[in-house]
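Structure first, then comments.
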Amino acid sequence: MKSYAMDSPYGLGIKGDKIFVCDGDSGLKVYDKTDVENLIPLNHFNDINTFDVIPLEKVCL
């Protein structure tokens with residue numbers, strides 16, 4: 001098992017090879033989960049307060 005540091009994790013969404021983590025005041029974090037033991041950070045939207053995420057079919061980050 002592996003853990004990843006988060007400030008205030010709330011919501012989690014999965015679409016394809018991506019994991020979307022809502023980290024409260026720290027924003028939305030997007031990871032590549034191709035290798036689940038070694039998530040690769042893809043994007044971090046730190047200018048929003050997030051609590052829940054629903055990945056949509058036609059939206060890619």
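Values in this text are rule-based calculations from the coordinates and carry no lab data. Bear in mind that the values here come from a model prediction, so they are computed numbers and not experimental data. Because the Cβ atoms are built from the backbone with ideal geometry, glycine has one as well, and the counts that use them run over all protein chains shown.
Side notes on the structure shown:
- For region 18-61, the set of residues classified as among the charged types (D, E, K, R) and in contact with a Ser or Thr (Cβ under 7 Å, 6 or more places away or on another chain) consists of D23, D25, listed by residue number.
- Of all residues in region 1-44, those satisfying the criterion of being loosely packed, with under 12 Cβ neighbours inside 10 Å and acidic (D, E) are D7, D25, D35, E37.
- The residue that is nearest to D7 (Cα to Cα), among those in region 21-61 that are of a type in the set (V, I, T) and in a loop (DSSP other than H, G, I, E, B), is I48.
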